[in-house]
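Asks: My structure is below; once you've seen it, I'll send some questions.
Readers should treat all values here as calculations from the given coordinates under stated rules, not as data from a laboratory. This is a predicted model, so every value here is computed, not measured. Using ideal geometry, Cβ is built from the backbone for each residue, glycine included, and neighbour counts are taken over all protein chains shown.
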Ligand code: WTA
């Protein structure tokens, strides 16, 4: 195959931390002697008690256990704040850009220290102690980072729930980890519209058994009137006035959980991915420095929401551990205008910019002019994450946004991996539009076929990892067996990512997308099983099957086949109602794009739904359905094709 290759520009290489030679030397060292490599790099963070043990990991098949730096003692908030005070107390840690361009805040490391201490004391006064779970359901305001760091300071475990999730989804996540304290805001504000966060929290708590939640702390964002339950709910500003800023950082073991984050998988309800302290922070900080070639003085902006792992590792923990200035943006790319991203870049002189292909595609459709109205001269590095970036979007990002000056790092990773695993390094890796290129230090990708046979050279198959890295998830909250089953049983002895990939003749990796029943909608992971279970909860639905299909803006759209209860007639009104129903059950990100009413679904004689066929029809590619003779009733396929919703 011939690919367009963008060589490393000399100017980028000259100032980069890592060039080709260093990448090769470090990479080889990290694979040949992981123990020695990480013993050295673990020192990039402060330890109250240094580790003597480094890598204690096993991918099974008998015992899956992952421990890094296990006898070290540290604290994440200390590393992200306190240790910077002497050298950079007056440097801006967080630039906050509000939904309204007139709303900006700049918080120095010293101010962040004070705010986190106060928030930690507010939590401590309400009984939060080491190991307790705290649910954070906040918009993109500095208090979100402050709340996360306050938990870390106390050794409490945060579970951030994306503000777009419904009360039902929130309730499941509160109950899943038995957290008794919730931090929320009166309302969120995005694109000029309010989001009723506190009302959602109230609705979520109403679904839980009585007395599940002791405290709700409400940050005032809009000042909108909300119901306050006496004894349970308190405004953060009032609670903060009653405490000091002095709060010592708890000493916690390297393997003490830092956070859990619920994420969708191919089966069942979302699971709580557990990340721990030492290894996670070392990995988040190190990848942030080298993948984005972060230098002193850079202004770094990741446009993700803190409700996702990208926000955890690359808005909060990685950048702050490195003493960086990190920008946090409350709004959306298209408000007040489609030039908003680039206006913010100019306003704050952003040098490193990290976003998702879905945002690029939506801005691309508005043309180059809104971009060219802005300067963007401060930009040096561009990043992409969340889904495969199609070459057209890559080229637009590269040429129009970066004016062919800025390398694009296409970073492949997952909630489970804690940090970036496959990505170019700006000073070391020639770029290929659409390829995530090379593994980071310590990362050992393998491509296997369906029988767990390792494929060599140029090949295509299932993407697995054969070695642990410090940022890897440790377990599923409360269910280690599910952890082993989900990630280590399909291909015994290796971690299976759930993604397919191609490796080309140069050894570069091209992620082809999920090979399991997870779909990726605008860079957000959605389990088809979750959407199906929401649909069948509707009284008029008897059965549902959900698949992804190619969508020009979202990457993948949600296509639902729905069989109605006997006697219920399909109608446009019902279609609309079902879309609204799923939004209410899960959240707007799960809204089906297309619903096809199907009198029957294609099933094998043993009753298993043949998703392969449903995917093909959803893709409008029904000429290649393959063998349908094993179906219990091959005639259903004709009806499905005739009434398909996605027509070219
Ligand atoms: C997909 C987000 C191609 C992939 C950090 C993965 C990508 C899932 C890329 C994880 C990329 C993420 N190229 N695909 N650069 N980055 N993905 O857990 O399918 O929200 O398994 O983590 O997103 O999504 P998650």
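Asks: Quick check on the range 468-482: of everything there that is in contact with a strand residue (DSSP E or B) (Cβ under 9 Å, 6 or more places away or on another chain) and part of a helix (DSSP H, G or I), which residue is nearest to residue 157 (Cα to Cα)?
Replies: The selected residue is 480.
Asks: Mind listing whichever residues of the range 51-99 are in contact (Cβ under 8 Å) with a residue 60 or more places away in the chain and assigned to a loop (DSSP other than H, G, I, E, B)?
Replies: Listed by number, the residues that qualify are 51, 60, 61, 69, 70, 71, 72, 75, 81, 91, 98, 99.
Asks: Does the range 493-509 include one or more residues that are within 24 Å of the chain's Cα centre (by Cα), away from the ligand (no atom under 13 Å from the Cβ) and under 17 Å from residue 417 (Cβ atoms)?
Replies: Scanning the range 493-509 turns up at least one residue that is within 24 Å of the chain's Cα centre (by Cα), away from the ligand (no atom under 13 Å from the Cβ) and under 17 Å from residue 417 (Cβ atoms).
Asks: All but one of (1) in a helix (DSSP H, G or I); (2) touching a helix residue (DSSP H, G or I) at 6+ places or on another chain (Cβ under 8 Å); (3) touching a residue at least 60 places away in the same chain (Cβ under 8 Å); (4) within 18 Å of residue 148 (Cβ to Cβ) hold for residue 168; which doesn't?
Replies: (4)
Asks: Can you tell me which of 343, 403, 416 is within 12 Å of the ligand (Cβ to nearest atom) and either in contact (Cβ under 8 Å) with a residue 60 or more places away in the chain or farther than 30 Å from residue 501 by Cβ (or both)?
Replies: 416
Asks: Specify which of the listed residues (433, 424, 370) is touching a helix residue (DSSP H, G or I) at 6+ places or on another chain (Cβ under 9 Å) and crowded, with 22+ Cβ neighbours inside 10 Å.
Replies: 424
Asks: Next question. In the range 373-391, is there at least one residue being more than 16 Å from the ligand (Cβ to nearest atom), touching a residue at least 24 places away in the same chain (Cβ under 8 Å) and not in a loop (DSSP other than H, G, I, E, B)?
Replies: No; the residues of the range 373-391 include none that is more than 16 Å from the ligand (Cβ to nearest atom), touching a residue at least 24 places away in the same chain (Cβ under 8 Å) and not in a loop (DSSP other than H, G, I, E, B).
Asks: In this structure, does residue 357 turn out to be more than 16 Å from the ligand (Cβ to nearest atom) and within 24 Å of residue 319 (Cα to Cα)?
Replies: Judged against the criteria, residue 357 is not a match.
Asks: May I ask you to verify whether residue 461 is free of Cβ contacts under 8 Å to residues at least 40 places away in the same chain and either surrounded by fewer than 24 Cβ atoms within 10 Å (Cβ to Cβ) or not in a strand (DSSP E or B) (or both)?
Replies: Here the answer is no, as residue 461 does not meet what is asked.
Asks: Same structure again: Of everything in the range 228-252, what is farther than 16 Å from residue 116 by Cβ and in a loop (DSSP other than H, G, I, E, B)? Give them in sequence order.
Replies: 228, 229, 230, 231, 232, 242, 251 - these are the residues of the range 228-252 that are farther than 16 Å from residue 116 by Cβ and in a loop (DSSP other than H, G, I, E, B).
Asks: Looking at (1) surrounded by 20 or more Cβ atoms within 10 Å (Cβ to Cβ); (2) within 13 Å of the ligand (Cβ to nearest atom), which one does residue 514 not meet, given that it meets all the others?
Replies: (1)
Asks: How many of the residues in the range 562-602 are surrounded by fewer than 17 Cβ atoms within 10 Å (Cβ to Cβ) and within 13 Å of residue 544 (Cα to Cα)?
Replies: Total meeting the criteria: 3.
Asks: Continuing with this model, one more query. Checking the condition surrounded by fewer than 22 Cβ atoms within 10 Å (Cβ to Cβ) and under 17 Å from residue 133 (Cα atoms), which residue from 256, 295 passes?
Replies: That would be 256, the only listed residue that is surrounded by fewer than 22 Cβ atoms within 10 Å (Cβ to Cβ) and under 17 Å from residue 133 (Cα atoms).
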